Each structure stands twice: as structure tokens, then as C-alpha cells.
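One structure is given below, encoded as C-alpha cells.
The values are calculated or read from the model by the stated rules, or taken from the named source; none is laboratory data. Quantities reported herein were computed from a predicted structural model and do not represent experimental measurements. Quick reminder, even Gly has a Cβ in these numbers, built from the backbone with ideal geometry, and neighbours come from all protein chains shown. Ligands, DNA and RNA are excluded from the accessible area calculation, which covers all protein heavy atoms including side chains. Shrake-Rupley method; radii C 1.70, N 1.55, O 1.52, S 1.80 Å.
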Amino acid sequence: MSKVIQYSFVAGIISYLIYQLTEIGWQRVWESLPVTPWFYILFLFLYFALPVSEQFIYGTSLNFSFKKGLPVFIQKKIYNADVLGYSGEAYFFVWAKKNLEESSGYIFGVIKDNNIISSITSTLVAAVLLSIFLYVSQLNLQQLIDIDRQYFYYGAAVVVLILASLIYFRHYIITMPMEMASKIFGIHLARLLFVYSVEIIQWMVVMPEVPLYIWFTYMGIKIISTRIPFLPSRDLLFIGASLEISKFLNVSGAGIAGILLASNVLTKLMNLGLYSFLAFRGRLIKKNADDQAGKDS
């Protein structure tokens, strides 16, 4: 039953997106696809930000080379994005058991602690940045989504309470040393700020005529849509919400559609291409190893 609801939700979003794009005009959307090479260069920085940062994150507690780890973290990212949430962690756990000289319990603890720290960092950054985007400059996202100001205060109080509880009970929740946990927190924080900043720059180079506070509005929408738990296809939800909001912000819907659809399609193509390449490369390496073992015997 849950699968039916999930597929129905995704189908509903896709149908609404098709309706919105048809209303804008498919020709206009096609003509609005980014042509500046900077969009695609910055996309590569955004795509590889997570796997590169995880190389350093897990490198603080597990021993493996960059060359060996990067393909694994790329596949981990793809599993989480296109297969199932946390399936990437399961894949990494199996890989680490086979390739690293660490116990299963230690590896599981490292993965568990990292995910807790990642969740804390992303929630904290989302709360702080969303507050900034809501109240700084000419941003008026609150009026657009028609939410009373007091609910933001309640939300902020809940976030503070959760963070205070996590800090107080940190020794029971996180098993790794606090010095190591602090380093991992710093890497997650740097990655998130880097990604949010580069993504806004990526939008700006395509539509430089749009004021900065408008991009803050879209980033605020993205933060809200990506923090809703248990929702499938949150990237499509963000695109749909952005197209709807563009009508109120007096921004070209075709331009917004071109940017967001290009990013979405590029991500899917990169996932498909890299996963196929790495899977073929893995089978080739295994075949060569088996052939060499056969010759040696």
C-alpha cells in the first residue's frame, strides 16, 4: 500500500510539472536551457562535493586511499539518490567489511555516528540559513507561503531543544571521540555552505538580471522542500514549487524551468553514466584478478 501511495505521489508531481511546463511553453523552456559553460562547470563542483567530502569524513576514522575511496562514495551517493534512502550506507558497510581491516561493529559505529552528525549539521544549517533568507533583505517568503511568524519561533525552539539534548547526551548517542566528531561536523558544515553558495552562483550566471534576494527565496524553498521527511522525489517537488512561486516573484518561469530541469537531467545522466562505468570497471578488475589467480594456481 505504501508503494502505491509513493508512486501516486510521484505521478501527481510529474503530471503537475507537465501541466506547468505546457502552460509556460515547451519551446520557451527549451530556448531557456543554460548556454553559459559556467553553469556546467559549477554543476560538476556541486555533483562531486558530497563524495569528495565523504572521503575526508570517513578518512578520519577509516584508513583507505583517495583513489580507492572516491569511486565507492560516488556509488554510495547514487544508491541513496536513485535506489532507496540509506541504501548507500548499506553498500558502503558491505564494501568496508570486505576491503578494510576493521571489525563490523567498528565500521557500523562509524557510519552511524557520521549519519547522526550529518543530520545535526544539515538541520542546524537549514534552520540558520532559512532564518536569514526569511528575514534579511527584501525576502518575503513568509507571505508567499502564508505561514504565521509564530510557527517559525516554535520551529526554532524545537531545533534548539533537540540540539541541546544531543549535546547533553552526546556521549550516549555518538561513540567516537568528540575531537573526531568535531572535525566531521566541520567538514559537513563546510560542504553545506559550499554547496548552497555555489548553487546560488550557478543560478546567477544563467540569469544575472535576477536580484540576489530572489535567489535567496528559491534557496529557502529548496531548504524547506528537502527537509520534509519521507517524501519521494523531493527534487521534482522543488521544481514544481519554484515554478509556482515564479508567478508571484515576476521571474521568467521558462528561465527557472530551464535551470532546474537542466540540473535534474544532468544529475540523472551523471548517475547513470558513472554507475555504469564503475560497475563495468569493477567487473573488469574482478575478472583480471580471477584470471591472475587461475594462472598462479
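Annotations for the structure displayed:
- Calculated FRET efficiency, Arg281 to Leu189, Cβ-Cβ distance, R0 = 35 Å: about 0.60 to the nearest 0.05.
- Cross-link pairs exceeding 19 Å between alpha carbons, from the set Lys112/Lys222; Lys68/Lys97; Lys68/Lys268; Lys76/Lys98; Lys68/Lys98: Lys112/Lys222; Lys68/Lys268.
- Stretching Thr175 away from Lys97 to a fully extended chain increases their span by 26.2 nm, per 0.36 nm per residue minus the current alpha-carbon distance.
- Solvent exposure of Thr36, expressed as accessible area, is near 30 Å², computed with a probe of 1.4 Å over the protein chains only.
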